[in-house]
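Each value in this text was obtained by applying a stated rule to the coordinates, not by laboratory testing. This one's a predicted model, so the numbers in the text were calculated from it and none came from an experiment. Glycine also receives a Cβ, built like all others from the backbone with ideal geometry; neighbour counts cover every protein chain displayed.
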Amino acid sequence: MNTNAEATGKTPEQPPHPLLHSYYDDEAGRHRFLRRIFDETAADYDRIERVLALGSGPWYRRMALQRAGLASGQHMLDVGIGTGLVAREALTILGGQGRVVGVDPSPGMMGQVDLPGVELLPGRAEALPCADAAFDFVCMGYALRHVGDVAAAFAEFRRVLRPGGRVLVLEISKPASAAATWLLKAYMRALVPLISRAIGCRRDSARLWRYYWDTIEACIPPPRILAALQEAGFTQVQRHVELGIFSEYTATRPQE
Ligand SMILES: C[S@@+](CC[C@H](N)C(=O)[O-])C[C@H]1O[C@@H](n2cnc3c(N)ncnc32)[C@H](O)[C@@H]1O
């Protein structure tokens, strides 16, 4: 099993974005910030997501899982399971056959998961608490910007997938045009925080949405994410985009 950069003190090979100094000053501070903000806003997450998440709701997650090839009877790992929004849709597709395991570092987020039969494990993408070749399908929904090292996370996805298994990474990407970027920034940095306060969410939930935008803006570009999947040894590496911002990265662990 891999060890992660935090445990080894190694410099991350490929951070998803540089340190964002208005939130933290080093990697340990980034971990503390994320843990606190996800734990403290967990109870608001589904409400904000339902009202404001630009359509990236249950229907979209289900379509993306189907497009990537999730099928009845498979064993799936949901990395960064959060409150279970991806896992819930996976269970619908699996239809009582197969199994879903969720991994997340935030006890607060996992405490919101209400999905009988889903096994929950504390952990991080960069050092998954799972056996080699244990899954047919690995999904990570909107958590790639929060890992310490994209290269370590993808190496772990490959390790826990059986040969022929599929990976799906869902992310929001910065739009191609300056006008669309400005609109999305205004939406996520100003409007969503305002509405989240108006519907009674915690102050930190507004801050989390501002942070989301800042990580989207600073995130490594899609070609770098595709290259990292290739460098991790995946084949059939592809990116499908919906509405210019919803990126679905898919890849296959080759047969040995
Ligand atoms: C925006 S939420 C996404 C939750 C869910 N996948 C969804 O689609 O709604 C991001 C989740 O990633 C988790 N996370 C943060 N750092 C992580 C890491 N290094 N590895 C895995 N998950 C992480 C957070 O605790 C949080 O629950």
### Message
What does the extension gain come out to for residue 176 and residue 19, with contour length at 0.36 nm per residue minus their alpha carbon separation?
### Response
54.2 nm
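Mind sorting 27, 13 by how few other Cβ atoms lie within 10 Å of their own Cβ, fewest first?
On the way: 27 17, 13 13.
Arranged by neighbour count, lowest to highest, 27, 13 become 13, 27.
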### Task
Report ³J(HN,Hα) in whole Hz for each residue of region 241-246, in order, from the Karplus equation J = 6.51 cos²θ - 1.76 cosθ + 1.60 where θ = phi - 60°; Gly and Pro get x.
10, 10, 6, x, 10, 8
### Query
Say a paramagnetic label sat at a point 7 Å from the Cα of residue 26, along Cα to Cβ; which residues of region 211-229 have their backbone N under 19 Å from it?
none
### Task
Can you tell me the 0 to 90 degree angle between the C-alpha axis of helix 222-231 and the longest principal axis of the chain, rounded to 10?
30
### Query
Given C-alpha coordinates of region 35-110, what is the ratio Rg to Rh with the Kirkwood estimate of Rh?
0.99
### Amide hydrogen neighbours beyond the local backbone of residue 121, cut-off 5 Å, H modeled
102, 103, 104
#### Entry: With Cα atoms, 0 to 90° folded angle of helix 58-68 axis to the chain main axis
40
### Summary
At the level of C-alpha centres, the distance separating region 207-256 and region 20-50, in angstrom, is 21
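So how do 217, 89 line up by other beta-carbon neighbours within 10 Å, fewest first? Don't jump to the answer; show the numbers that get you there.
Working: 217 15, 89 24.
The most exposed by this proxy come first: 217, 89.
Please order 154, 33, 234 by the number of other Cβ within 10 Å, starting at the fewest. The partial results should precede the final answer.
Values: 154 29, 33 15, 234 23.
So the residues, fewest neighbours to most, are 33, 234, 154.
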### Message
With angles folded into 0 to 90 degrees, how steeply does helix 203-218 sit against the dominant principal axis of the chain? Use alpha carbons for both and round to 10.
### Response
60
